[in-house]
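Participant: This is the structure, below, for whatever I ask next.
Since every read-out is calculated from the coordinates, none of them should be taken as a lab result. Predicted model, so just to flag it, every value in this text is computed and none were measured. With ideal geometry, Cβ positions are generated from the backbone for all residues, glycine too; neighbour counts draw on all protein chains shown.
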Amino acid sequence: MEKVSERREEERIERKGSLMVSDVTADYYIYTQLGNVSENGMYFESEHSFKPGNIIKIRYNNPPFKPLPIDFHVTVQWCRKLSEKESVLSYGVGVRYI
């Protein structure tokens, strides 16, 4: 089996916790499960799918990097369906900080 190349530019730090995520046009947040973070983005799991290219709002009460505010916007880079073996949640989402 061929190994998939790693496209990440920076080190990912495993970090667990809850995030509140919202479409920029919505007045409500949904809870998601944080998986990892880096200086340029993060990965979380959700029951909701997000379209790549969309901008979403994230509220994070315990940011891993000091310059990161509690409320910030990100761009969805990718979203994929997760199997039951991978997670109890339905989708894995990779985002980039704006």
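Participant: Order of THR75, THR25, THR32 from fewest to most other C-beta atoms within 10 Å?
Facilitator: The most exposed by this proxy come first: THR25, THR75, THR32.
Participant: Three principal axis extents, largest first, for the C-alpha atoms of segment 13-97, in Å?
Facilitator: 35, 29, 20
Participant: Put a dot 7 Å past each Cα toward the Cβ at SER83 and THR25; how far apart are the dots in nm?
Facilitator: That separation, rounded to one decimal, is 3.6 nm.
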